[in-house]
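Here's the structure, in structure tokens; my notes come after.
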Amino acid sequence: MKIQNLATITTLLSSVLGFSHLANFPEHRSLAGLSPGEVRAVTRQFNSMPGPQHLPPPINDTSSKLVNDAAHPFMPDQPGDIRGPCPGLNTLASHGYINRTGVTTPGEIITAVQEGFNMGWQFASFLAYSVFVADGNHLTNLMTIGANTTINGQSTAGMNIHGNFEGDASLTRGDAFFGDNFNFNEKSFDAFSVAANKVGGGVVNLDAAVLNRAIRINDSIARNPEFSFGTPRFLGGMAETAYFLAMFVNNQTADNAKPLTLKDARSFFEFHRFPDGFYRRHGPFGFPLVDSFTRQIIAMVGRQPGNNNGVNNYVVDTKDPATFCYLYQKQVNLTATLYPNPTPELKTAIKQNLVTYYDALGDLTCQEYFPYGR
Ligand code: HEM
């Protein structure tokens, strides 16, 4: 049978079976929430389904180097380009380390964060799969760094989706409770200047970063009755302060010791742009450094995981151990909840991606979980 005839028949069949609402389903969109029939209908439209992939190799040279170079010029977003809540990934996309459209793969993200920022391979793999297993498409191996589909300004899927990994008390984005949880928010960014001027001598050093972290948490506690700050968000929220302290500083002298200026902070958080002449840090920022730095920030901020029970009523969750093993466990559970009844093909792909996710934990000795059997 000719391909065109097959395509026509597939389209006709889909509308007869009541799947016309799934016409033009993007290949990068997560399949969570679809019935087995719907999954079969949308996969018939996909051009390519490579399925789960191996982790890419670590980069060889982890020295400091110019990354805002001629091969990676900044380019403004084009209509349709996707950006999201992560200033690191947004910047990499705007400089072409990640596909400039914002549609990418976990493998491309893992390589890009090493190349552009010297995030450690193991940790990058862990982080990319923490998001991919919940927000990515297990059959096409695609994901986005932001929204997949936006309805009335709210993301319906993708990295922006609230609660999968994105969460409250972000440094420069609002809480989902107030509406927009992924675009730059000037009022939130103000906390950087307040903290830098109060305790950082005008720059975002460690003390200013800790105060900034605390201000944003206190703001959510005071205003968001549904403020939710358990793992993964608690750990992610604390680690993100470590990320910018360790990876947004220009390391031309390779000492990793400079504090972040407010100008450079804005360049990353608002404009998704490397400052001119930006050198990535010297040496990888990965496990166990991320863990120890995050613990230091948690201790200095003095908060534990918990949730608001109405405004100004933060209740600590004493059962939340706030460890990376627990974060892995939560994301596996979430994935199983998102895909309660996968088609056999989808189930095989999810199982494989969960194995890759576990492997990404590397030296951390965590218990492995098999929600779909071994
Ligand atoms: C595997 C790679 C990465 C993934 C999957 C990822 C994902 C995310 C996500 C989902 C958020 C939103 C969390 C929230 O605020 O609710 C976020 C925030 C953030 N990310 Fe990334 N990220 C990655 C790498 C990086 C890198 C390499 C950097 C820095 C060089 C970075 C810096 C940050 C910062 C500073 C925030 C906080 C933004 C804010 O609160 O306004 N990330 N990331």
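Summary table below
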read-out	value
Residues of the stretch 335-362 that turn out to be under 22 Å from the mean Cα position of the chain (by Cα), over 22 Å from Met159 (Cβ atoms) and not in a helix (DSSP H, G or I), as a count	1
Residue among Lys319, Lys347, Lys330, Lys351 that is surrounded by 15 or more Cβ atoms within 10 Å (Cβ to Cβ) and closer than 30 Å to Phe177 by Cα	Lys330
Check on Val113, out of contact with any Asp or Glu (no Cβ under 9 Å at 6 or more places or on another chain), of a type in the set (Val, Ile, Thr), on the phi < 0 side of the Ramachandran plot and within 8 Å of the ligand (Cβ to nearest atom)	yes
Pairs, first touching a residue at least 40 places away in the same chain (Cβ under 8 Å) and over 18 Å from Ala195 (Cβ atoms) in the stretch 238-253, second within 6 Å of the ligand (Cβ to nearest atom) and part of a helix (DSSP H, G or I), C-beta under 6 Å, six or more apart	Met247/Phe117
Selection status of Val199, among the hydrophobic types (A, V, I, L, M, F, W, C), crowded, with 22+ Cβ neighbours inside 10 Å and either modelled with pLDDT of 95 or more or near the ligand (Cβ under 10 Å from one of its atoms) (or both)	no
Residue check for Asn308: surrounded by fewer than 14 Cβ atoms within 10 Å (Cβ to Cβ), among the polar types (S, T, N, Q), within 25 Å of Ala209 (Cα to Cα) and touching a helix residue (DSSP H, G or I) at 6+ places or on another chain (Cβ under 8 Å)	no
The listed residue being of a type in the set (A, V, I, L, M), closer than 23 Å to Glu186 by Cα, at pLDDT 95 or above and in contact with a Pro (Cβ under 9 Å, 6 or more places away or on another chain), out of Leu262, Leu245	Leu245
Total residues in the stretch 37-53, condition under 18 Å from Asp135 (Cα atoms) and exposed (fewer than 14 other Cβ atoms within 10 Å of the Cβ)	2
All positions within the stretch 253-274 that are of a type outside the set (Phe, Trp, Tyr) and within 22 Å of the chain's Cα centre (by Cα)	Leu260, Asp264, Ala265, Arg266, Ser267, Glu270, His272, Arg273
Selected residue (criterion: farthest from Leu31 (Cα to Cα)) from residues of the stretch 163-174 that are within 9 Å of the ligand (Cβ to nearest atom), in a loop (DSSP other than H, G, I, E, B) and modelled with pLDDT under 95	Arg173
Selected residue (only one of Asn250, Asn309, Asn218 is of a type in the set (S, T, N, Q) and away from the ligand (no atom under 16 Å from the Cβ))	Asn309
Complete set of residues in the stretch 184-199 that are among the hydrophobic types (A, V, I, L, M, F, W, C) and more than 13 Å from Leu260 (Cα to Cα)	Phe184, Phe189, Ala191, Val194, Val199
Some residue of the stretch 65-78 being modelled with pLDDT under 95 and either touching a His at 6+ places or on another chain (Cβ under 6 Å) or not charged (D, E, K, R) (or both)	yes
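Table: residues versus (1) within 30 Å of Pro73 (Cβ to Cβ); (2) outside any loop (DSSP other than H, G, I, E, B).
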{"residue": "Gly237", "(1), (2)": "no, yes"}
{"residue": "Phe244", "(1), (2)": "yes, yes"}
{"residue": "Val249", "(1), (2)": "yes, no"}
{"residue": "Ala257", "(1), (2)": "yes, no"}
{"residue": "Arg266", "(1), (2)": "yes, yes"}
{"residue": "Ser292", "(1), (2)": "no, yes"}
{"residue": "Ile298", "(1), (2)": "no, yes"}
{"residue": "Gln331", "(1), (2)": "no, yes"}
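Per-residue answers, yes or no, for (1) farther than 26 Å from Ser64 by Cα; (2) of a type outside the set (S, T, N, Q); (3) more than 13 Å from the ligand (Cβ to nearest atom):
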| residue | (1), (2), (3) |
| --- | --- |
| Ala222 | yes, yes, yes |
| Pro225 | yes, yes, yes |
| Phe234 | yes, yes, no |
| Ala246 | no, yes, no |
| Ala257 | no, yes, yes |
| Phe271 | no, yes, yes |
| His282 | no, yes, yes |
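The values are calculated or read from the model by the stated rules, or taken from the named source; none is laboratory data. Everything numeric here is computed off the predicted structure, so don't read it as measured data. We place every Cβ from the backbone using ideal geometry, glycine too, and count neighbours over all the protein chains shown.
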